[in-house]
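Working notes, beginning with the structure itself.
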Amino acid sequence: MQQLQTSAGCIAAQDRHGFTLPMMRSFVAGTITLVCTSLVSASCIETGNTSNSLPIVDLGYELHQALDFDTLSEAYNFSNIRYGAPPIGDLRFAAPVTPATNRSIVQKGEEARICPQALPEWTPSLIEQAYQYLFGPNISISASQLLDSRASEDCLFLDVVAPKKIFDAVRSSETATRAPVFVWIYGGGYDVGSKAGLNSGSPAGLLRQGNHDFVYVALNYRLGAFGFLSGPEFTSQGGVANAGLLDQRLALEWIQQNIHLFGGDPARVTLAGESAGGGSIVFQTTAFGGSQGSVPFQQIIPQSPAILPSPPAQNQDDIIAEFLSRLNVSTLAEARQLPAASVIAANSDQVFAGRLGSFTFSPVVDGTFVPAEPAILISEGNADSIDYMATELYPPILNGSYGYTDHIARTSLTMQDLLFRCNGLALVRALNGTAHQYEFGVYPSMHADDVAYTFSDNGVGMPSPETAIALQRYMTSFTLDGNPHGQGIAEFPLYGQNKDVLLLNTTGQYVSRCPLRHIISLGSYSRPFFVISHVKRRRLPDSPPILHLLARSPHTPFVGGCR
């Protein structure tokens, strides 16, 4: 029996031939027992400077010193910079506000903070079934509730990693050219994740492939009930829906105001994120329906953007009613007065008890920041319902005529369209043939596998190191100049009328032609592929270029005969 236990979002599985498959997972945490190489912990960082010699940045409201100098990424790590006031007391379940001024001491960011986490009970068993489906029955996964001493309501912090050559240049001359900025937004079902651990990683490999020519930023945002309670009853009592998305927006505004101090160019900001992180990017792109001018970024890389349809108002009211009941209070005002431990426990318990496939809390249409479903805002079309997809698009016919022969594959296809692919399809249609698209096909191509490749260090520990390096080169070149290219990797053509798709797998990179709907209809356990556009959308005039990832399982045949 192969025992798979996880830590910091990593799963390291071995197939029947002993081939190690380190993979980033969005769902489980526990204790690692095999191999996980995708993250570099703080204890692995070599510091080449003493505390007295590390630079200090004046942010106006505070002075912040680099925590260390990372010799791997040749960069200063400015860790745990506060971008929002503690969302506690009256600010619990409210929109974030800017921090108070505190210049009495120099902040070093030595205390790591993550937002309170929660894990649905169904996730370990579901992931176990998926691995057994792919690799056979001799695999088991164990996981526990996410208990982390770093978890705190006071979690609105971000990290800035500034390459030394960029930082020193702007310190030497105010007229020095500022560098592009790569911003990571973590995924995790809007219930789990953090800026420097679960569903994230060290940017050392990305910076290396980008020749240390950009500044890296990663941010925390509130999760679960703290960030995504909603509904008429909630707002009538003074709650603010989508607080987690508003946290992200405040952090992005912080970047616009302050990143130049670290050598970054606020006019060349690229957002990247996977799953809920990718979904968050879409929400940021469609924020306020485009009515408030330019978004605070220029390009986006939404990997597998996870966006659930907004639940009916009654469902949202039921969720807040259950939450208050778990707290043994009747009003939101009373809930705001409770100690953090009580609210954290209620959030964890409610998410843990969620029905199969549900993370309980997620972004909703609120009439302001999210005035309508993102797909509608993007394409002005209609969204398919889950009933339609389950009964008409993917009926319970298991003879292979619909591309699946069992209910696991059928359910996977249904959830892919619901959570990921329809969102990608809406984006591509809105881009009107001006996008680059690529398919990630390294076995087993399960959801979130690509995060390990995104944060790999020169491909070390990856089943396909060449694929990891190629992926990072496409991402970093897009960040640097808006054109995905690089030495030793294939040309990345426009999707256009030819429907060209760059296939990226263990055999290399090559171009295939396939209608988008055939890509959308493919295989089990897949993600969206890269889509890049340099043309701003007509319906959202201030939307950014896009790099978006959709993948299929390489063991699953194409539907409709597209090769």
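Quick note: the coordinates plus some simple rules give every number you see, no bench work behind them. Given the structure is predicted, the values throughout are model-derived calculations rather than measurements. Backbone-built Cβ (ideal geometry, glycine too); neighbour counts: all protein chains shown.
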- Query: Of GLU274, GLU233, how do they rank once you tally other Cβ atoms within 10 Å and put the fewest first?
  - Reply: GLU233, GLU274
- Fewest Cβ neighbours within 10 Å first, please rank CYS155, CYS115 accordingly. CYS155, CYS115
- Item | Whole-Hz couplings from phi, Karplus 6.51/-1.76/1.60, listed for the stretch 98-106; x for Gly and Pro | 5, x, 6, 6, 8, 10, 6, 9, 8
